[in-house]
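Working notes, beginning with the structure itself.
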Amino acid sequence: MRKRSRTVALAIVGAASFTLAGCREEQVDAEAFPDLESCRSAALTGGMFSAQDCDTAFAEAETLHVESAPRYDSLQVCEEQHGEGACGSEAQQVQGGSGGIFMPLLAGYLIGNMLGGRSGMAAAQPLYRTPDGRFTNATGASTYSSNSGRAKLGTSMFSKPPATVGKPPMSRAAAASRGGFGRTGAARGTFGG
């Protein structure tokens, strides 16, 4: 009886270890760029991504920006969340957008190599300024000290953010109830050169 319970205990411990290992998020190589030209320049000097990856990822980040950027009901609320001079009207950034809705300006983009070191399949996210001079993604769930450099990031950092286009813009009260844009998530990172 004792031998059998020891075997069962080992099987449970082994299964628990396997389950915990399966819960860890896959890490991918990622790089942030302030603009498309920075990515293309890095591609010419043997960077992690090709010029075509840069073009594709930047187009994806711009599309996500149009669909999912945080939207505010006034320039003042937007600048409180993203810093002075870091916002513009939706009409300036999106064809057919409203002049009464304000969005942060695209301050860079993040590319992840979703094939773990092999060339190809890159995913992208737009980056926005925060009022303290850092950078964040469209959901505000991750904050980075810079909009350039390399890091290992979890694949969840490249999940498609929820759409904000066509939804009511955030008021000062709505932004405050969230604790402010960029304060909802726990992921914080630093990009190294």
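The values are calculated or read from the model by the stated rules, or taken from the named source; none is laboratory data. None of these values were measured; they are calculated from a predicted model. So basically every Cβ, Gly included, is an ideal-geometry build from the backbone, and we count neighbours across all protein chains shown. Accessible surface is based on the protein model in full, side chains and every heavy atom, while ligands, DNA and RNA are left aside. Shrake-Rupley method; radii C 1.70, N 1.55, O 1.52, S 1.80 Å.
Couple of notes before you dig in:
- Tally, over the stretch 167-191, of residues that are open to solvent by 80 Å² or more (accessible area, probe 1.4 Å) and at pLDDT below 90: 6
- Qualifying residues in the stretch 42-57 (those that are farther than 15 Å from G108 by Cβ and in a helix (DSSP H, G or I)) - the one most open to solvent (accessible area, probe 1.4 Å): L44
- Members of the stretch 58-84 that are within 17 Å of the chain's Cα centre (by Cα), assigned to a helix (DSSP H, G or I) and not polar (S, T, N, Q): F58, A59, E60, A61, E62, L64, H65, V66, E67, H82
- The stretch 88-117, residues that are touching a residue at least 24 places away in the same chain (Cβ under 8 Å) and not aliphatic (A, V, I, L, M): Q93, G100, F102, P104, G108, Y109, G112, N113, G116, G117
- Among the residues of this structure, L110 counts as one that is buried (at least 18 other Cβ atoms within 10 Å of the Cβ) and assigned to a strand (DSSP E or B).
Listed here are the residues, each with its yes/no results for (1) charged (D, E, K, R); (2) over 22 Å from Y144 (Cβ atoms); (3) open to solvent by less than 40 Å² (accessible area, probe 1.4 Å); (4) at pLDDT 95 or above.
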{"position": "Q76", "(1), (2), (3), (4)": "no, yes, no, yes"}
{"position": "E80", "(1), (2), (3), (4)": "yes, no, no, no"}
{"position": "G83", "(1), (2), (3), (4)": "no, no, yes, no"}
{"position": "Q92", "(1), (2), (3), (4)": "no, yes, no, no"}
{"position": "S98", "(1), (2), (3), (4)": "no, yes, no, no"}
{"position": "M114", "(1), (2), (3), (4)": "no, no, no, no"}
{"position": "A123", "(1), (2), (3), (4)": "no, no, yes, no"}
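- Pairing each residue of the stretch 58-85 that is under 19 Å from T130 (Cβ atoms) with any residue that is open to solvent by less than 10 Å² (accessible area, probe 1.4 Å) and of a type in the set (S, T, Y), provided the two are 6+ apart or on different chains, yields C-beta distances under 8 Å for A61/Y109; A69/Y128; P70/Y128; C78/Y72; Q81/Y72; H82/Y128.
- Among residues of the stretch 146-168 that are over 17 Å from F58 (Cα atoms), those with a Cβ under 6 angstrom from a residue that is aliphatic (A, V, I, L, M) and modelled with pLDDT of 90 or more, sequence gap 6+ or separate chain, pair up as A151/A30; L153/A30.
- Condition check for T130: open to solvent by less than 20 Å² (accessible area, probe 1.4 Å), under 9 Å from the mean Cα position of the chain (by Cα) and among the β-branched types (V, I, T): no
- Count of residues meeting criterion [under 21 Å from T136 (Cα atoms) and of a type in the set (G, A, S)] in the stretch 33-74: 7
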